[in-house]
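Student: Structure incoming, see below.
The values are calculated or read from the model by the stated rules, or taken from the named source; none is laboratory data. Small disclaimer: the values here were computed from a predicted structure and weren't measured. Every residue, glycine as well, gets a Cβ built from its backbone with ideal geometry; the counts of neighbours run over all protein chains shown.
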Amino acid sequence: MSNQVLQAISDRRSIRGYKASPLSKEQTDIILKAAVESPSALNAQPWHFSVVTNQNLIREINAEAVKNLALDIDDIFFAAPLVIFISTDADSRWGRLDSGIAVENMALAAHAIGLGSVILGLPDAAFTGPPGERFNILLKFPPKHTFAVAIAIGVPTETKEAHPIEPDRIDYIN
Ligand SMILES: Cc1cc2nc3c(=O)[nH]c(=O)nc-3n(C[C@H](O)[C@H](O)[C@H](O)COP(=O)(O)O)c2cc1C
């Protein structure tokens, strides 16, 4: 069966290398439209999207995250020209789940217009200590919002194989 949505789901990959070239306003708008069109529990839309092209700020958040992570990685954002930080209402029962759905919508939208992306959980390490409060302000997180997940987006400089499928993750109960 040939279907563009199913094909996009199959072909999307986590991309970890980008050209420095910025996205156009049209490209950014398409991705944010896909984000706010996501479903959310009770239609609460408990999310906020901080759309960041300021490389100095991305570098600063990266430095704080890398400092707090005991990992052999020096750029958790892979030099992407655009990083979108999703924050969610800390009191929302399904806020993180809703944010996860929104971030996948953005990943698929980016893929659909020829861009690459990678969903990022590691930036959470930048929000754990005192500098996190400052980042909340710089990223314009609404009151009571905390970091949920991020996505780096740009023109890909690499391709990637699909991840292996593990069929035993599915049981059919008849
Ligand atoms: C919630 C979530 C958090 C992730 N965090 C990171 C991350 O911080 N850094 C990273 O390089 N990849 C991250 N990934 C990407 C996964 O490593 C990737 O989806 C997985 O290896 C499968 O590869 P694929 O996306 O190309 O199919 C994350 C993915 C998800 C869904």
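Student: Give the range 75-106 a look and list any residue that's surrounded by 18 or more Cβ atoms within 10 Å (Cβ to Cβ) and assigned to a loop (DSSP other than H, G, I, E, B), or say none.
Tutor: Passing the criteria: Ile76, Phe77, Phe78, Ala80, Pro81, Ser92.
Student: When the range 141-174 is examined, which residues are found to be assigned to a loop (DSSP other than H, G, I, E, B) and more than 16 Å from the ligand (Cβ to nearest atom)?
Tutor: Correct list: Phe141, Pro142, Pro143, Lys144, Val155, Ile170, Asp171, Tyr172, Ile173, Asn174.
Student: Next up: Does Leu138 qualify as being more than 11 Å from the ligand (Cβ to nearest atom), in contact (Cβ under 8 Å) with a residue 24 or more places away in the chain and closer than 22 Å to Glu26 by Cα?
Tutor: No, not satisfied.
Student: For the range 78-95, what are the residues that are within 12 Å of the chain's Cα centre (by Cα) and within 12 Å of the ligand (Cβ to nearest atom)?
Tutor: Ala80, Val83, Ile86
Student: Restricting to the range 1-19, name every residue that is of a type in the set (A, V, I, L, M, F, W, C) and either at pLDDT below 95 or under 21 Å from Leu122 (Cα atoms) (or both).
Tutor: Passing the criteria: Met1, Ile15.
Student: Right, another one. If you take the residues of the range 120-132 that are part of a helix (DSSP H, G or I) and under 24 Å from Gly100 (Cβ atoms), which of them is farthest from the ligand (Cβ to nearest atom)?
Tutor: This residue is Gly132.
Student: Using beta carbons and a limit of 6 Å, which pairs, at least six apart or on different chains, have the first residue in the range 64-80 and more than 13 Å from Leu120 (Cα to Cα) and without any contact (Cβ under 8 Å) to a residue 60 or more places away in the chain and the second one within 12 Å of the ligand (Cβ to nearest atom) and of a type in the set (A, V, I, L, M)?
Tutor: Leu69/Ala125
Student: Can you name the number of the only condition in (1) among the acidic types (Asp, Glu); (2) assigned to a helix (DSSP H, G or I); (3) within 13 Å of the ligand (Cβ to nearest atom) that Asp72 fails?
Tutor: Every listed condition holds for Asp72 apart from (2).
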